Structure formats: structure tokens, C-alpha cells
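Coordinate-derived values only; no laboratory data. What you see is a predicted model; the values in this text were computed from it and never measured. Using ideal geometry, Cβ is built from the backbone for each residue, glycine included, and neighbour counts are taken over all protein chains shown.
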Amino acid sequence: MTDTIAAVATPPGRGGIGVVRVSGPGCVAIANAVCGATPLPRQVLLRRFRARDGSVLDHGLALYFPAPHSFTGEDVLELQGHGGPVVMDLLLARVCELGARPARPGEFSERAFLNDKLDLAQAEAIADLIASDTAAAARAALRSLQGEFSAQVKNLVEGLIELRLYVEAAIDFPEEEIDFLADGVVAARLSTLREALSALQTVANQGRLLRDGMTVVIAGRPNAGKSSLLNRLAGREAAIVTAIPGTTRDVLREQISIDGMPLHVIDTAGLRDSDDLVEQEGIRRAWAEIAAANRILMVVDDGLGLSPEEEALRERLPLETPVTVIRNKIDLSGRSPIVQESEWGTEILLSAKTEVGLELLREHLKACMGYHSSEEGVFMARRRHLDALEQATSALERAAYQLEVVHAGELVAEELREAQNALGEITGEFTSEDLLTRIFASFCIGK
């Protein structure tokens, strides 16, 4: 990479400090032109930042990190000025005038990856750390950035390589008379690898929950208490609550945290037949959200029981989406809070008004996603990481079958190679160019 890139690395808007980051071979020339000198490596230089005609654009700090001892592995220059958008735009325009080009989203991290400063899982952890919605998610992303996830993946890859060498050596040198299909060594080592991979999957799934959370749609007939339930889960009056049916006419979204797990809660308009055009649009949007949900909370009035309309509504819900029935208003029906099973599935008796039984719902939602609140050893993971781990698991299962049933050494070696390649996709050792483009395009500009 011979070009020089630049971007504003701080968030849009006004602030005390704004940073323009530059990476590439043109950093020294840009520093000399803007600052009148190049800062000593990793030392702060207080200078006036000047335009082409010598006028002062801003007054701030300059830092220089020569290659390879920088984030990207290239020469890096940071110009720290006052955090106004106009000031930052002027400073960035001056840097580009001197030969830099505007960076693409995630291009600094992409260069760090391509220059072996970090692997792909660590690069993704940067974006996840920035986007963290909870303290637990931030700590998990930091563990990934520090290499905990990558280290466990690399340990598995090393084990696979060693086992492949053993199997392929036995295939290539049959005169050594190593009956590796029957000596138990391959079976034992393969079993150990499968157990380690299973443990890694469990931790990675917790990390994905910390990153993505769960989307829950609250649905039901008008006046069942859907908006009251949203307000109690959110811990604030997010939705207007009245005794008038049809008060909620649009989709309301709240993002909350249950013991560190992000939960995207969506309140919807009451589902019923209506002649009101505005309410009809709200109901249409409600069904669209229901179709995309991870779980549906169907709220009914416990005092009234399940009406024929609600039974018909239950039949219309997507078959592939799990449903939890919330029997609300037990403060009026006089029943006790409980989690029970019925022909409708799981039912939770609670009162959104008094919050009695609300903790049962929180624990139920965590259990549905397989989430536990212990953070020990949890790192951030993405859907593509889980897919790669699943591919590796399937390959090792096939390897065990070829070993124990078919007794085909060459096929055992091939499945071990497939597992190795799947794990290599996590860290970027085996990754297509299209995948890299999609991953880094999701980053913010300047990172």
C-alpha cells in the first residue's frame, strides 16, 4: 500500500478535542507542511496547524508513530485540535490537499490486519468495543481485542495440524507399519479436540449474546397491558399508557440490559380489526415486527382469560418463532406469580402494574437464550464466528465417522483439513476478499 489515507477519528459533532488520523508514507511530508516540523516518535508536539497560505487553521497537538511501531504498521500521524466540525473539516481538507485521500470505513483497521498487527477477530473486536451497549459487552470485546478468542482458536488449529501430520505421515510412509486407525492415538486426540471445540463454542455463544442480544416483540389484543410491560422492562415511562384501547398505534423500541445481555424490546399496536387507517398501519407494522422477532411475548388479561379472538391470534403467529404467553394483571385476578406450561407453551403470571412476577420473566428470557451472567472468560463473538465453529465441529464429527466406521485414513485427513480451514476463517488466515470487504465496511470512518 503506497497511498496515504486520512480521516476524522473522533465522533461527529462538537467536543473539546477532535482528531485527524493519517496513515501511510506521506505522513512526514504532511507533518512538515501542516506543523512546520515532524514530531519525534511517540512524543507530543504543540504546534499551530497552517493552511497553504500560512494562515492558522487551529492550534493543537501532533503525534507521530513511525512504521512499524504503530496501529496500522505504517507511518501514522495524529493531529489533535479543537473538536468543532468546521475545524476538523478544514484540517482534513488540508491533509488531503497534501496528498492523502479520505479513508474508507474501517480502512485503518484493515491496514492493521493486512500488516499483521492484529488478526481478523481482533480487528472486529475494535468495532464491537466501540458499539458496546453494556459494560459486560465492552469487557468481552476488550478480551477479544487482547487476543483471548484468537489464542484459543490458534491452539485448536495447532492441535489439528499436529494430528494431520501424524495421520498423513502414516499414510505416506506405510512401511513404518503404524496402524494409526487402530492404535487409539488418533481417536484419543480427536476426542480431545472435539471437547475443546465444544467448550469454545459455549463461550463464543455467550459472547454473541452480549453483542447481538435478543429481539422480543410484545404483542396482543388492545388493553392487555403491553405498553405497561414495556415500561416496566425499560425502567421508565417509554410508552403512553391509558385505559383507551388502541392508544399505541406505532412500533415503540427500547434497548435494555438483563444482567449484561442486551434485549431489544418492541411494543406494538393492539392486534384487532379496525376501520381507522392510522391504526391499520400500526397493526401492519406490528405483524412485520412479529415476523422478524427472536421471541414473541403474547400478553393477555389474566382476569378475562383467553378469548376466542386471542386463540385465533395465537394461531396466526409464526410457527418458527417461540411464543411466551404473559398472563398480565394478576393484581386484579388475585392469582400468584408463577411460570407454568400449558398447551400454549410457557406461561408467566405477573403484574406489569405492580411488577410482581417481573423477575420471573427476566430469568425466563435469559434461559431462553442460554445466557448466564458470569463473565469469566467470555469474549465477544459474531454470527460468522459461530458459523465457522459449527463448520469445524461438523468436520470433526465426519472425521470421527471416517475413523471409527469407514476406516478411511485419507478421508480422516481431509476432514481435519476442512476443520482447520474453518477455524482459520475466524482469525483471517483463510478468508475471501469479499468477506474482508464486508467486515471492514461495517466499521466507522477513522478506525
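Here is how the numbers come out for the structure above:
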quantity	calculated
Residue-span extension gain [THR202 to ARG101] - 0.36 nm each, minus C-alpha spacing	32.1 nm
Added length on full extension, which subtracts the Cα-Cα distance from 0.36 nm per residue, SER394 to SER307	26.7 nm
GNM top mover of GLN255, GLN152, GLN43 - the chain, alpha-carbon springs below 10 Å	GLN43
Note, ³J(HN,Hα) from phi for segment 402-411, Karplus 6.51, -1.76, 1.60, rounded to Hz, x at Gly and Pro	4, 6, 8, 10, 7, 6, 10, x, 4, 6
Nearest-0.05 FRET efficiency for LEU411 and ALA67, computed from C-beta distance (R0 51 Å)	0.65
Positive-end extreme of charge dipole, the chain - chosen from VAL157, ILE266, LEU90 (charges on Cβ)	LEU90
Integer Hz, Karplus 6.51/-1.76/1.60 couplings in order for segment 295-308, x for Gly and Pro	8, 10, 9, 8, 9, 10, 7, 5, x, 8, x, 7, 7, x
Charge dipole magnitude, Cβ of K and R +1, D and E -1 - the chain, Cα centre, debye nearest 20	2500
Where Rh is the Kirkwood radius over Cα pairs, Rg/Rh for segment 1-111	0.92
Hits among lysines - C-alpha to C-alpha of LYS154 under 30 Å, sequence gap 8 or more where chains match	LYS117, LYS447
Normalised contact order of segment 5-103, rounded percent, pairs of Cα under 8 Å and 6 or more residues apart	36
Ranking of PHE113, PHE379 by count of other Cβ atoms within 10 Å, fewest first	PHE113, PHE379
Positive-pole candidate from THR38, LEU349, PHE49, dipole of the chain, charges at beta carbon	PHE49
Inter-part distance where segment 84-108 and segment 1-70 are each reduced to a Cα centre, Å	10
Cα radius of gyration and Dmax for the chain (Å)	28.5, 86
Förster radius 35 Å - calculated FRET efficiency between GLU429 and ARG50 (Cβ-Cβ, nearest 0.05)	0.20
Prolate/oblate/rounded call for segment 76-117, Cα gyration tensor, a/c under 1.5 rounded	prolate
Total charge dipole magnitude, segment 5-103, about the Cα centre, Cβ charges on Lys, Arg, Asp, Glu only, Debye to nearest 20	140
R0 of 22 Å, Cβ-Cβ distance SER257-ALA291: FRET efficiency to nearest 0.05	0.30
Inter-label distance for LEU142 and GLU158, nm, one decimal - labels placed 7 Å from Cα along Cα-to-Cβ	2.6
Positive dipole terminus of segment 5-103, leading residue within ALA29, GLN80, HIS69 (C-beta point charges)	GLN80
Sequence-separation-based contact order of the chain, relative, with Cα cut under 8 Å and 6+ spacing, percent	17
